[in-house]
Each structure stands twice: as C-alpha cells, then as structure tokens.
Amino acid sequence: MRNYNIMKKLLRSCILLILLGSGPYVLSFQNYGQLSGYVKDKKTGEPLIGASVQLIDTGLGAVTDLEGFYTIQNVPAKTYTVQASYIGYTTETKYNVVVRSGGSPDLNFDLGEETSELEGVVVVANPFEKLQETPLSIQQLSSEEIATYPGGNNDIARVVQSLPGVSGSVGGFRNDVIIRGGAPNENVYYLDGIEIPNINHFSTQGSAGGPVGLLNVSFFEGVTLSSSSFGAQYDNVLSGVLQFDQRNGNNRNYQTNIRLSSSEAALTVEGPLFKKQQQSSNTSFIASVRRSYLQVLFQVLDLPFLPDYWDYQYKISHKIDDYNELSITGVGAIDNFSINVPSDFDEEQQANLDQVPVITQWNTTAGASWKRRFKDGSGFMTTALSTNILNNDFRQFEDNANESGLFLSNVSQEQETKLRYAYTKFLQEWVFTAGTVIQNADYSNETLDLVNDFRFNNAINFWRYGVFAQASRDFFNERLGLSAGVRFDGNSFMTTGNELHRTFSPRAALSYTLDKAGKWTASASVGRYFKIPPYTILGFTDNDGNLANEDTEYIQSDHLVAGIEHLLTPTIRFTVEGFYKRYDNYPVSLTDSVSLANLGGDFSVLGNEPVASIGLGRTFGVELLFQQKLTRNFYGILACTFYRSEFTGFDEDEYIPSAWDNRTLLTFTGGYKFGENWEVSARVRYLGEVPFAPVDQEATLANYPAIIRDFSQLGTDRLNAFNQTDLRIDKKWNFKGFTLDLFLEVQNLLGQDTPQEPQFGLARNDAGDVLQPRALSEIENVDNGSVLPTIGLVIDF
C-alpha cells in the first residue's frame, strides 16, 4: 500500500509538471507535419516511379517522383497506418507511424514483385516479414517500438528481451542476450552489414554482456533478430543474429534529436553534405554522442562504485550514381568503472567495495560498405571493409580503496580487420548468393592471476577466412519457399584450423502456405553452425610460455526447428515453434571442470584459462507468440517459452542444467495510444527459477576478496523466479518547428523483490573492522524490491 501511494503521488506530480511545462507554449502549437521517404524495388533497390503512398482512413497521400521519393504535406501530427502500392508489386503496410511537427524521419518502403495470376487482385504483404533463408525463428521491431519500449531506457539489448526465447541474466541487472538457452557470446551483431563485437558498455571480454547498451536507438529503422535458420553469409554464430538497420541521414534538411533520461544525455544531428543550392544531396550524415551522469548519481547515493561512460555513433551515406552507393559507419565507447568509498559503514556496501573490479575499457568499430547494383537488374554485389578494437584493463585489489594488493590483472587488446564480399544474382525465379570473408586477428594479453597462479605476457596474430553460398526460390505462386546454403571457415592458428571439412556447415529451410488466403504457414529448418573460441581462450599462455589452447576445436551447434504461423487478422498473428539445439566441442575449464557455456554473465574475463574442447550440450523447447500490430490504438507482444538448457563437463554422459536454464520465460509488452498524443505502455516479465553455482566458502576465505565458486554443485540450487512490471507514459507536443516528448518510466512498479545469490563478505564489527581470526559472513538479504520512477524528455527539430 505504501508503494502504491508513493507511485500515485509521483504520477500526479509528473503529469502536473507536464501540464505546467506546456503552458508558455500553448499559443505556439502546430499540429501539422510532413511525411517523406523512398519507395524502391525490394530485390534490385531501383526506385519505383509513380508508386502510391497513402495514409489509411484519410484522404492524404502522394505519388513518388523519378527518384522514388514522395512527400505528404500538411499531415495532422499523430499516429498513422501507411500503405505503399505499385502495379505488379505487393502492397506493403506499415503500422504505428508517428508524424511530428519537427524531426520526423523518412519512412521508406521496399516492395516485392507479386506473382498472383489473378487479374485485378491486390496482394498485400504479410506485415510480419520473413526472409527466404530464414522463414521462421525471426522477429522484427520497428523504430517506434524500440523508442517507446517500457523499462528499456532506450537500450536495444533490453528491448529484444521481450521476444520469444530471449532472456536476460539473473535478476535483470545486465544486458546479456540469452537466446534459447545458449550462452551470451553465441550471438553476433551487425550494423548495416558491418560486424560489431559487442553492444554494451563495460562488456565482459570473451562474452558480450554488460550493464548498459552503447547503440543509439535514434539511428535505427528497425531491428531483426534471427534465432535459427541463419543465412550462410553469417559466420561465428550459434544462437542469434541481431541486425541493426540504420537509417540514412536526411539528405534535404538538417535535423536534431536531444534525449535526456535518468542516467544519460544524448545528442543526434543529421543532414545533407555538399548540398549547395540543390533540393537534396547525394551525401548525408547522421551522428550522435552520449554522456553518462550515472557516476554523479551513484556518488550522491554513496554507492561503492562509479560507472562513467561516453559513446558515439555515426553514418555517412553517399550515392555515387544510380547503381553505386557507399556508406561509412562507426560506433565506439569509453568506459571507466572506478571506486567510491562510502562515508558510512554498511555490511553489503563493504562487501561490494571489497569485491568490485576496477575497469577501464574502450572499444571502436569503423567500416565502409560499397553496394553496386547491376545495370540490367540481375543482381548486386556488396563489399565491406571494417576494423574493430577492444581494449580492456581489468584489475582486482585486496584493498580497492587504495588500489593496493593487486591479485588479478588482465590488460589486453583484441583487434580484427575484415574484408567481406558477397555476390547476389537473380536467375529467373532463383536467387543465388556467394561470397567470402578474410580477416586478420591480433590479440595481446598481460595477465597476473595469483589465485590460479597464472602469469604471462603474450601476443598472437593470425588469419581467419570463410566462404559461403546460398540458393533460394519460391514455387507455386510463392506458396512454397525453399532455401539451402553451405559454409566453410578456417584459421591459421588452431592445430586443425585449416582442415575445412571440420567446419562443413550445411543448412536448409522451407516454408509452405497451407491455404489460398495465406493465413496458415508451416515452416522448418535444419542447420549446422560453428563458432571459433574467444581470443581470450586462444591467447592463453601457461607459465612455461606455451600457448595452451592451440588444439581447441570450433564449437559446433546443430539446429532443428519447426513451426506454424496463423494470421488471425491482417495485423494479428499467433505462432508456435519447437526447437532443438545440440552442441559439440564446447570448451571445458581445466581449472574449474565446468563448461564455459555456463560463464560470461558477470563482470569478469571469460576464457583466460586452459580448456579442453570436449563438452557437449543441448537445449530444446517450444515457443508461443501472440503479436498485434497497432490496431484500434492497441499493440502488443505476448511471448511464452518452455525449454531446457543442459551442458556436460568432463563426463560426457552427465548433462547438468546450465546457468541459463530458467525453463519458463513469459513476457508481455504492449501499449495503448490515447488522443492528444498520449500513450501508455507496459512490460511484464517472468523468468523461472535459474541454477547457480554456490560459493566455495573455504576457498573464498583463503583467497578473499576473490570469490571462488563450487561448480560441482551447479544445478543443485536455484534462485527464486524473477518477476517485474514496468510502466511508461508518453506525452507528445507538436510546436512550430519542433516536437517535445516527455515520458515517465516506472521500473518494478509493484515493488517485487529481485532474486539474488547469497553474498559473502568478511565478518566485521560495528565499526567495520575485520574480526580475527578471519571468517566469512553471509550478508543478510536486504529489501531489493525498490520502485524506480524516472522522467525523461526527447526533443526533435
């Protein structure tokens, strides 16, 4: 009741603040904006001249010009459903399109040719788009769905956790993306075809998770997640491919987006370059910078650590001519995780102060991509050159306050330089794609680990390469779709790295529309995928100076997936998918005798130890999804997954529940749009009980503040289920020349406790002095079910 009354007062105060804040500008309201964009051929990328773009249930619309460009003027500022059509092409509909008085991004359409043999029939595309090579296990989110996601704080890693089969790590305090029971480092991430090694600040080296995302959601046209049936062009993936489609900067006018939230401030600017006196330019840019002020808040709250970060992102697009396009993109971050000694002694705070690492980290990715379309419309080719660097300085001290007594240090840098080439050819009804990738890997590491007696300073440099091919075709007026591909990968480092037959990676997928109305579709896929072990494993050196893990193998995962989709209405679908994944050659720690599939969900360094490629694994389950695009002011996603995740150690016959074995995932995300640009959205998450490895108290006491876990007990104890409800309220005002969006977010609205593993520190007296003889003391559970309300604003002009 107390939490309810507090929330009611906060809500009233925030709404009052919103209303009062709008007062001086009432006379400046401008309730009209414009909607612009391009309509192009989905296959060839050629502009469609004379295509019709209509705002449904209004008399507003436009026709594209010679560049495939359209503009709809004097559009009342609110939310619309927009439809694009062209003779001989499938009509495409986009939902939840927000028109603003200032700063509206382009809305682009890619229309596919329709194959209906019935004259006069208008074929409408399925709004839940799929790919030929990935007809199932694929989900897409629009830019508006990402921007207004409740509890996400504009963090894409949190947003995707609303999708079926996707969960976060224990307690939800990190952004680990765990897909269908696989480890966080089994996923790959692409930014407009440029691979980026991680998407989080303070990332766990060798894995991918961290507490805060580093990508700016203002850049995205959409995000696509594939959890199986991967295209052959993707290497090094076992569980998921996240593709972030960045929009081009506005090539006609300059626009600015300012975002302030509880933890950070972000500025995004876009516009034309070299425009001169023309209406539009062939070159545009979009760039952003973001600054955290979490460190200030944490210091005011007297917390023992201060996370401080910067990040940046940019994209330059240039149209060379009608058939050639060049884009340059980049993203990077600077992170500093420092110590703050609390002024008052607290048992839990002291334990955190003892055990927290000191992290200084920076990363950068930059790449250029050239796309050339063939003049006869028979295909295209893409070439991408990129480089990415992660520099990680990770230290732990016996005395963090004075940074003395260093007992663990990992100072390392990994860099990849990649050249990717893909050739796509349209031959009648077939689509053929083939290509190659070659990359240089450079890794250095200076390690001091007194707990495990590891000391080395080493560097490795080697080459990685791969080739692939894929063929796809639709049959029977697009009712049957078939796709098959193959891939080989190798490297010059591992003992068997050049034996390409070991990474023979076939895959195939099919889909069949069961009825003429196109409401029922059955799909299935099978594939074998490989991933090279992390550089932290490959570069580990024993105390004799020998590379201890040269004989590791590529990790293998075999997928079998089948499912069915039913379109209840043009905007509502229900899907069921069953999946099975089998792992082989998983690295097992020679130090802890545990599969590394269980690690990577904490603030550490994954894989900097000797391993053996002998582990097995399996995950299997069923996913249910109900999704509604914005219809009658409501949109929502209800996802439920029942699954098992198990891996072996040295005993190949003993499968042990993994650290990601929640067994039940339930997520609802939805919202309702009221009049006057008000919107209320909510997210409800349930993660089932998850196993954890208990603390080995005897070993921990001998090595404190290092925490030693007893992995032989993994799976014997589980944390309580995690349940949380988040709420978001948005109100938009459209003024002359700019738009203001003020939002209130309330995380953990019902004040539910977050499950926590037992935490230990040294026994101390009331003054905070360590008792002698030293002994471990379990920290009593504190109330961690805090309600967290925050206010933020977004300005577009």
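The values are calculated or read from the model by the stated rules, or taken from the named source; none is laboratory data. Please read these numbers as outputs of a predicted model, since none were measured by experiment. Please note: Cβ atoms are built from the backbone with ideal geometry, for glycine as well, and neighbour counts cover all protein chains shown. The protein model used for the area step is the full one, side chains on, heavy atoms only, and it has no ligands, DNA or RNA in it. Shrake-Rupley method; radii C 1.70, N 1.55, O 1.52, S 1.80 Å.
Measuring how big the chain is from its alpha-carbon positions, Rg and Dmax come out at 26.6, 90 Å.
Solvent-accessible area assigned to carbon and sulfur over the range 330-440 amounts to 53 percent, based on a 1.4 Å probe.
Each Lys and Arg adds +1 at its Cβ and each Asp and Glu adds -1 at its Cβ; summed about the Cα centre, the range 448-487 shows a dipole of about 180 debye. A 1.4 Å probe run over the protein chains yields, for the range 518-568, 36 Å² of accessible area per residue, whole-number rounding. Enclosing the Cα atoms of the range 470-598 in their convex hull gives a volume equal to 133 cubic angstrom per residue. About its Cα centre, the dipole of the range 568-685 is roughly 940 debye, where the only charges are +1 on Lys and Arg Cβ and -1 on Asp and Glu Cβ. Our helix-only sum for the chain, with -39,500 (n - 2.57) per DSSP H run of n ≥ 4 divided by its residues, gives a mean residue ellipticity at 222 nm of -2000 deg cm²/dmol. Counting alpha carbon pairs within less than 8 Å and at least 6 residues apart, what relative contact order, in whole percent, applies to the chain? Contact order relative to length: 11 percent. Other residues whose C-beta falls under 9 angstrom from the C-beta of residue 88 contribute a net charge of -2, scoring Lys and Arg +1 and Asp and Glu -1. Largest first and in whole Å, the equivalent-ellipsoid semi-axes of the range 257-383 read 46, 17, 9, each the square root of five times a Cα gyration tensor eigenvalue. Taking a sphere under 14 Å around the Cβ of residue 725 and counting the other residues whose Cβ falls inside, with K and R at +1 and D and E at -1, yields a net charge of 0. Taking the three principal axes of the alpha carbon atoms in the range 256-317, the coordinate ranges are 56, 15, 11 Å, sorted in descending order. Carbon-plus-sulfur accessible fraction, the range 522-639 (probe radius 1.4 Å, protein heavy atoms only): 57%.
Basic side chains Lys and Arg get +1 at the Cβ, acidic Asp and Glu get -1 at the Cβ, and with that the dipole of the range 186-254 about its Cα centre reaches some 240 debye. Relative protection proxy for 422-431, 685-694, from highest mean packing down: 685-694, 422-431 (other beta-carbon atoms within 10 angstrom).
Alpha-carbon geometry of the range 571-649: the Rg and the Dmax are 18.7, 58 Å, given in that order. For the chain, take the longest principal axis of its alpha carbons; what is the angle in degrees between that and the long axis of helix 2-22, to the nearest 10 within 0 to 90? With both axes taken from Cα atoms, the answer is about 40 degrees. Think of the chain as having a plus end and a minus end, set by charges on the Cβ of Lys, Arg, Asp and Glu; of 743, 165, 538, 743 sits farthest toward the positive end of this dipole. Computed with a 1.4 Å probe over protein heavy atoms only, the accessible surface of the range 676-795 comes to 46 Å² per residue.
Hey, with R₀ at 35 Å, roughly what FRET efficiency would residue 419 and residue 479 work out to, going by the Cβ-Cβ distance, to 0.05? E between residue 419 and residue 479, to the nearest 0.05, is 0.35.
Around residue 319, with a cut-off of 10 angstrom between Cβ atoms, what is the net charge of the other residues, counting Lys and Arg +1 and Asp and Glu -1? Summing Lys/Arg as +1 and Asp/Glu as -1 gives -4.
Give the shape of the range 741-797 as rounded, prolate or oblate, defined through the alpha-carbon gyration tensor: a ≥ b ≥ c are the square roots of its eigenvalues, a/c under 1.5 means rounded, and otherwise the shape is prolate if a/b is larger than b/c and oblate if not. Judged from the Cα gyration tensor, the range 741-797 comes out prolate (a/c at least 1.5, a/b above b/c).
Which of rounded, prolate, oblate describes the range 377-430, given a ≥ b ≥ c as roots of the alpha-carbon gyration tensor eigenvalues and a/c under 1.5 marking rounded, otherwise prolate only if a/b is larger than b/c? The shape class here is prolate. Under a 5 Å amide H cut-off, with hydrogens placed 1.01 Å from N, residue 89 pairs with 114 among residues at least 5 apart or on other chains. Rg/Rh for the range 227-287 (Cα atoms only, Rh after Kirkwood) is 1.20. The listed residues 746, 269 rank as 269, 746 when sorted by accessible area, largest first, using a 1.4 Å probe. Roughly speaking, what is the centre-to-centre gap between the range 436-498 and the range 293-363 when only Cα atoms are used, to the nearest Å? Measuring centre to centre over Cα atoms gives 28 Å. Checking the a/c ratio against 1.5 first, then a/b against b/c, what shape does the Cα gyration tensor give for the range 641-769? Oblate is the answer for the range 641-769, as a/c is 1.5 or above yet b/c matches or exceeds a/b.
Positive-end ranking of 699, 725, 678 along the dipole of the range 677-769, with charges on Cβ about the Cα centre, is headed by 678.
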